[in-house]
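To start, the structure under review is shown below, and the notes come after it.
The values are calculated or read from the model by the stated rules, or taken from the named source; none is laboratory data. Source: prediction; values computed, not measured. For neighbour counting, all protein chains shown are included, and Cβ atoms are generated from backbone atoms with ideal geometry for every residue, glycine included. What goes into the accessible areas is simple: the full protein's heavy atoms, side chains included, and nothing from ligands, DNA or RNA. Shrake-Rupley method; radii C 1.70, N 1.55, O 1.52, S 1.80 Å.
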Amino acid sequence: MTNLLSGFENHVLNHHQVLVGDLSGIIFDLDNTLVTSSLDFAEIKAELNCPEHLDVLSFVASLPIEQQHAASEKIVEFEMADAHSSSLLAGTREILALLTSLNLPFAIVTRNCKAAAQVKLTKNDLTVDLVLTREEHKAKPAPDALLHIADLWRCPPEKLLYVGDYLYDIQAAKNANMPSCLLTFGEQSPYAHLATLVAQDLSELNKALTLAFSDVNH
């Protein structure tokens, strides 16, 4: 793990010595990264009779085909209700504006269904051209969506940064050989040491990027 500000001020993203000046784009998680989410996974698992220690999407995928559809529909119901109650997180508009000013592309990779993701973007007046959900690619921590974006942008994964708030985000980035930034919102995280960078929130990441690119351009 790299301390956020010192890491960016030294123009180093990870142990591969990727220069911040060569950062080619940023990919964001959606829930509790750009917008709020109040999904209660314990409640969802109880509704689906999913063991607490299992990932709910993996559990549904393991069900007999005739049960998968009904279970998937229940998950979507939870996600849609959550989408309609979502709100923008502090720093979201500012960091997207910064990336636009730097001509750096940005995208979203989320485990949400496409319909819920679209509601969240529309409700919170966010315009993100590239949004990949679990319908397009295998869900995180699989690296498929991240690698697809790297290929689409014709950029080595190690020159992109994936920003998220949960273990699966960090694991997906690692599986894609991509630097990661974990947002902690002031909480102690048991997996923070697995991330390349750690920030309290998007505002801190925004400040670090602003400083880094200011240094590079002078």
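At a glance:
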quantity: Per-residue ³J(HN,Hα) for the range 170-175, Karplus 6.51 cos²θ - 1.76 cosθ + 1.60, θ = phi - 60°, Hz, x for Gly and Pro; calculated: 5, 5, 4, 4, 4, 5
quantity: A195 long-range amide H proximity, modeled H, under 5 Å; calculated: none
quantity: Area accessible to solvent at K207, 1.4 Å probe radius, in Å²; calculated: 120
quantity: All Cα pairs of the range 155-203, percent lying beyond 18 Å; calculated: 21
quantity: Three-way shape label, the range 125-181, alpha-carbon gyration tensor, a/c 1.5; calculated: rounded
quantity: Cα-based shape type of the range 117-218, given that a ≥ b ≥ c are square roots of the gyration tensor eigenvalues and the cut on a/c is 1.5; calculated: rounded
quantity: Choice from A42, A172, A90 with maximal GNM fluctuation in the chain (Cα, 10 Å cutoff); calculated: A42
quantity: Alpha carbon centroid spacing (whole Å) that separates the range 159-181 from the range 101-126; calculated: 17
quantity: HN-Hα J in Hz across the range 184-191 - Karplus 6.51, -1.76, 1.60, θ = phi - 60°, x for Gly and Pro; calculated: 10, 6, x, 8, 6, 10, x, 10
quantity: Prolate/oblate/rounded label for the range 64-125 (Cα gyration tensor, a/c 1.5); calculated: prolate
quantity: Distant-in-sequence amide H partners of T184 (H built 1.01 Å from N, under 5 Å); calculated: A199, Q200, D201
quantity: Cross-link pairs K45/K74; K120/K207; K74/K114 - those with Cα-Cα distance over 20 Å; calculated: K120/K207
quantity: Local electrostatic count at L126 - Lys and Arg +1, Asp and Glu -1, tallied over other residues with Cβ under 12 Å; calculated: +1
quantity: Helix-derived mean residue ellipticity, 222 nm - over the chain, DSSP H n ≥ 4, -39500 (n - 2.57), to 500; calculated: -13000 deg cm²/dmol
quantity: Residue with peak Gaussian network fluctuation, the chain [Cα springs, cutoff 10 Å], from G186, G164, G25; calculated: G186
quantity: Placed amide H near F28: partners under 5 Å, 5+ positions off or other chain; calculated: A107, I108, V109, V163
quantity: Accessible solvent surface per residue of the chain, calculated while the other protein chains remain in place, 1.4 angstrom probe, Å²; calculated: 49
quantity: Cα-based convex hull, the chain, per residue volume (Å³, whole number); calculated: 114
quantity: Solvent-accessible area, 1.4 Å probe, carbon plus sulfur percent, for the chain; calculated: 52
